[in-house]
Amino acid sequence: MNVRPTHTADITDAEESLKLQESQSVIDSTSATEVAMQNTLLTPRFYTTDFDELDAIDVSGVREEWDKLIAQMVSDPNKGHFKKNEDWDHVDWDGMEPQLKKEFIDFLISSCTAEFSGCVLYKEMKRRGNNKDITQLFQLMARDEARHAGFINDALREAGVAVNLGFLTQKKKYTYFRPKFIYYATYLSEKIGYARYITIFRHLQENPQHRFHPIFKWFEEWCNDEFSHGEAFALLMKTDPKLTKGMNVYWIKFFLTAVYSTMYVRDHQRPAFHKALGVDPDWYAHEVFTKTSKLTEQIFPITLDIDHPRWQPNLEKMQKANADLAEAAAEGRFFGKLGAQFRAVKAFIALITIPAKQHKVPAVTRLEPSY
Ligand SMILES: [Fe+2]
Ligand SMILES: [Fe+2]
């Protein structure tokens, strides 16, 4: 008899996981899905790319490192991990301070959308490709992201909300990115995701009184998945040295600056959430940028100078401009919006023109999670 898994944590196929999640979203929350549907500069997007170009990648130049990574992913160390168990303490949603509840739900929805965005992109690559190395990698990554999204949705369901992932797949707008931009953006989001999860996990290990929700206990194994995904993208980029040379270094700088500043602005929109965690968002940002920069040295020839005197003040200006922009938009003030947009662009230019730090990229790319 074929016993079908009943939890996304046990599923190894992203398609199946999605079907199960859809059948489970009994309480389909319209507002949660609406939040996930939003497309602004700051919200997670869905991506599509030139799948044929991706399919044509030849990994034979990095074969040894590649096979090791794939073998580790095939061994599936996190199978069954993303499931509530006795460590899942009761969550008092009704007793939660309203602002914290709002920001935390917003955090969960946006994390779920980001995880799911990875799942959709990876699943599509797996479906469209013929290259065995590539389709195998993308199937494994889609498996992980489906579990992550499913687990966050489990947590949301307890609060009476759930993101309708099937609806999102069909209705959310897809942004086209050339494969090289997918590498830079996705590689960075995997590595920064690792740095974010591990920084929160280690902080809460030392300050358990701030762990206001059980999901944080799952972050350590979670971030190891993201770490492996980042490793895979580093190897993909290594197959073509042009990707990290010449003019492309400017693109790398652009993506580093955009990803770091977006994270800064987005996190500063959740003051109650960070206060409950006992985390100063400025400290957290600096910590995450430092870790991410250290990791990305494995493949990117530059890192951002986050200790430069122009860095922090312009992040703050950008954050302020974004807050003003949201306010002006809500009040329908056209010139207020325009002014705030102008200030945001100006701050971004001040950030991106900070001279980057250069270094020599190591011959062997492979890293192990060490934070
Ligand atoms: Fe993930
Ligand atoms: Fe990932």
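The values are calculated or read from the model by the stated rules, or taken from the named source; none is laboratory data. Please read all numbers here as calculations on a predicted model, not as lab measurements. Quick reminder, even Gly has a Cβ in these numbers, built from the backbone with ideal geometry, and neighbours come from all protein chains shown.
Points to keep in mind about this one:
- Scanning the range 312-338 for residues that are closer than 23 Å to Tyr284 by Cβ, among the small types (Gly, Ala, Ser) and surrounded by fewer than 16 Cβ atoms within 10 Å (Cβ to Cβ) returns Ala323, Ala326.
- Test: residue in the range 259-269 that is free of Cβ contacts under 8 Å to residues at least 24 places away in the same chain and either within 15 Å of ligand 1 (Cβ to nearest atom) or aliphatic (A, V, I, L, M) (or both): no
- Test for Gly150: is it within 13 Å of ligand 1 (Cβ to nearest atom) and either modelled with pLDDT under 95 or at positive phi (or both): yes
- Here Asp67 clears all of (1) modelled with pLDDT under 95; (2) more than 16 Å from ligand 2 (Cβ to nearest atom); (3) acidic (Asp, Glu); (4) not in a loop (DSSP other than H, G, I, E, B) except the condition numbered (1).
- Within the range 207-235, being away from ligand 1 (no atom under 16 Å from the Cβ) and either acidic (Asp, Glu) or within 22 Å of Ala146 (Cα to Cα) (or both) holds for His213, Pro214, Lys217, Ala234.
Yes/no per residue for (1) acidic (Asp, Glu); (2) modelled with pLDDT of 95 or more:
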site	(1), (2)
Asp94	yes, no
Met141	no, yes
Val161	no, no
Asn164	no, no
Leu168	no, no
Lys171	no, no
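For every residue, the table says whether it meets (1) under 17 Å from the mean Cα position of the chain (by Cα); (2) closer than 30 Å to Asp240 by Cβ; (3) not aliphatic (A, V, I, L, M).
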{"site": "Met73", "(1), (2), (3)": "no, yes, no"}
{"site": "Asp76", "(1), (2), (3)": "no, yes, yes"}
{"site": "Lys83", "(1), (2), (3)": "no, no, yes"}
{"site": "Lys102", "(1), (2), (3)": "no, no, yes"}
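- Taking the range 220-252 as the range and being more than 18 Å from Leu54 (Cα to Cα) and either among the basic types (Lys, Arg) or buried (at least 19 other Cβ atoms within 10 Å of the Cβ) (or both) as the test, the residues that pass are Trp222, Cys223, Asn224, Asp225, Glu226, Phe227, Ser228, Lys245, Ile252.
- Condition met for Phe107 (within 16 Å of ligand 2 (Cβ to nearest atom), within 30 Å of Gln72 (Cβ to Cβ) and of a type in the set (Phe, Trp, Tyr)): no
- Residue pairs meeting the criteria (Cβ under 6 Å; at least 6 apart or on separate chains; first farther than 15 Å from Ile57 by Cβ and among the small types (Gly, Ala, Ser), in the range 114-126; second assigned to a helix (DSSP H, G or I) and modelled with pLDDT of 95 or more): Gly118/Glu145
- The condition of being β-branched (Val, Ile, Thr), over 15 Å from the mean Cα position of the chain (by Cα), more than 16 Å from ligand 2 (Cβ to nearest atom) and over 27 Å from His268 (Cβ atoms) holds for only one of Thr135, Thr175, that being Thr135.
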